[in-house]
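A short write-up of the structure that comes next.
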Amino acid sequence: MLTKIIVVLFLFMIIGSLGSGLYYLVKDKGSSDRTVRALTVRISLSVLLFILLMLGYATGVLQPHGVYPG
């Protein structure tokens, strides 16, 4: 249950960083580097989430399951 909460929190942080990047892109009109920083944070969070998911699968904390019936 804790792993699901962590994954969802990561996803919300990624979406928040993407939203802040869009906000800075519109507000600053390319005059500052805040957009680049926000998108760098988003990419870093995405890579970290991917690594954590792979480690969870490798250690057996996360178990894959079928999504289709039968």
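A few points about this structure:
- Listed by first and then second residue, the pairs linking a residue in the range 1-18 that is more than 13 Å from LEU52 (Cβ to Cβ) to a residue that is among the small types (Gly, Ala, Ser) and part of a helix (DSSP H, G or I), with Cβ atoms under 7 Å apart and 6 or more places separating them unless they lie on different chains, are SER17/ALA38.
- Residue check for SER46: of a type in the set (Ser, Thr, Tyr) and not in a loop (DSSP other than H, G, I, E, B): yes
- Residue, farthest from ILE14 (Cα to Cα), within the range 45-70, restricted to residues that are surrounded by 10 or more Cβ atoms within 10 Å (Cβ to Cβ) and free of Cβ contacts under 8 Å to residues at least 12 places away in the same chain: TYR57
None of the figures in this text is laboratory data; all of them are computed from the coordinates on show. Keep in mind that this is a model prediction, so the values were computed, not measured. For neighbour counting, all protein chains shown are included, and Cβ atoms are generated from backbone atoms with ideal geometry for every residue, glycine included.
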